[in-house]
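What follows is a set of notes on a single structure, which appears directly below.
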Amino acid sequence: MEGFEKVSIIEAVEVDDDDHNSNSKAVVAVVADLLRRFLAVQQRRAETYTKLKRGFTEYMVSGGDSAYQQVCSEITEDFNNCSKQVLEMESLFMKPDLCRDDLAHLLKDVQAYEKQKLYMTVTIQVLKKAGRPSERLVSHEHCRFKRPDEHECRHVHEITVAAGTEEAEADAEYDNALKEAIRGVQDAVTSINEHLEEVMYEIQALEGDE
């Protein structure tokens, strides 16, 4: 009886080990697949930024506001869809069967940097649309016209040191705001790339365990 019991116990343990290994491999496969899907989402985000940049460049050349607004509407929907997909992945990583809170937090950090990148990108475009204060076109809508080819411009004023200083300060403020926005985009991109490297390292490690 003792020998029979030992064999039974050993066989049971071996079965349990097989089940455990099978489950572990399944979890590894799911995690790796989710990370690959995340990288695919990041690729779509990059393509969306290219679309936004192209639309803005065309707007600055042609001045077609309606076409630019259409592009903005489309890229907003694209970015929202990307964010929703990443949020779903975060939720899956935190479930007990995966228990990868570390990866959930990594994706959450990327989401925050993507939000910063988009905000700063839009800020850059808003500033460039407005232009430097000293270079902005003047509207003559409210000027008085004596003849079709002659008018009294309401914008003509005596150039003083004070006026020149005020304009220079406005230009400096504009330049600083633009530089800050550009730096914000660069910082966000650097942080995003660092996190994506971590994701790729994790995928390589998981593939070694599959």
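Quick notes on this structure:
- Residue satisfying condition, being farther than 16 Å from L118 by Cβ and not small (G, A, S), within set R44, R37: R37
- Residue ID - modelled with the lowest pLDDT, chosen from residues in the stretch 113-147 that are over 25 Å from the mean Cα position of the chain (by Cα) and outside any loop (DSSP other than H, G, I, E, B): F145
- Residue list for the stretch 86-104, restricted to those being among the aliphatic types (A, V, I, L, M) and either assigned to a loop (DSSP other than H, G, I, E, B) or touching a residue at least 40 places away in the same chain (Cβ under 8 Å) (or both): V86, M89, L92, M94, L98, L103
- If you go through the stretch 120-134 and pick out every residue that is within 27 Å of Q85 (Cα to Cα) and without any contact (Cβ under 8 Å) to a residue 40 or more places away in the chain, you end up with 1.
Conditions (1) touching a residue at least 24 places away in the same chain (Cβ under 8 Å); (2) over 17 Å from the mean Cα position of the chain (by Cα); (3) surrounded by fewer than 18 Cβ atoms within 10 Å (Cβ to Cβ), marked per residue:
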| site | (1), (2), (3) |
| --- | --- |
| N23 | no, yes, yes |
| L39 | yes, no, yes |
| G63 | no, yes, yes |
| T76 | no, no, yes |
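- Of all residues in the stretch 47-70 being touching a Phe, Trp or Tyr at 6+ places or on another chain (Cβ under 8 Å) and either acidic (D, E) or outside any helix (DSSP H, G or I) (or both), the one that is modelled with the highest pLDDT: E58
The values are calculated or read from the model by the stated rules, or taken from the named source; none is laboratory data. All of these numbers come straight from a predicted model, not from anything done at the bench. Positions of Cβ are generated from backbone atoms using ideal geometry, with glycine treated the same way; all protein chains shown enter the neighbour counts.
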